[in-house]
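Take a look at the structure set out below.
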């Protein structure tokens with residue numbers, strides 16, 4: 001009686017897992033099955049016999065690279081705004097939509113407004129009064 005295709009496939013996969021088949025399992029499979037030592041000894045024997053490797057060559061020291069990526073550090077804070085403030089922000093978003101290719105959200109508009117206000121206050125602090133004064 002002839003074995004089915006599924007049974008043959010399962011048998012070959014089980015042989016690979018056990019390491020008894022014709023094919024050697026991959027290193028990743030060996031790590032998963034806990035047979036890393038066998039695979040590493042095979043690699044050590046292979047590289048020891050490799051004539052390309054020069055024994056007295058020292059590897060270069062690793063170089064640490066720092067990437068300059070702008071990171072945004074925003075913390076969530078509660079800001080109480082009236083309906084008039086929200087309508088004004090939405091109006092600003094609509095006006096900026098013609099200039100900006102992407103739609104801004106309210107938080108982005110408020111961040112930009114705070115930056116512009118900070119620059120203006122630093123330039124001439126006497127022009128600005130707090131609303132609680």
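Do we find that residue 2 is touching a helix residue (DSSP H, G or I) at 6+ places or on another chain (Cβ under 8 Å), at pLDDT below 80, in a loop (DSSP other than H, G, I, E, B) and loosely packed, with under 10 Cβ neighbours inside 10 Å in this structure?
When the stated conditions are applied, residue 2 does not pass them.
Test residue 114 against the criterion of being within 23 Å of residue 78 (Cα to Cα), assigned to a helix (DSSP H, G or I) and in contact with a helix residue (DSSP H, G or I) (Cβ under 6 Å, 6 or more places away or on another chain), and give yes or no. Considered against the rule, which asks whether it is within 23 Å of residue 78 (Cα to Cα), assigned to a helix (DSSP H, G or I) and in contact with a helix residue (DSSP H, G or I) (Cβ under 6 Å, 6 or more places away or on another chain), residue 114 comes out as no.
The values are calculated or read from the model by the stated rules, or taken from the named source; none is laboratory data. In this text the structure is predicted, and so the values were computed from the model without any measurement. Using ideal geometry, Cβ is built from the backbone for each residue, glycine included, and neighbour counts are taken over all protein chains shown.
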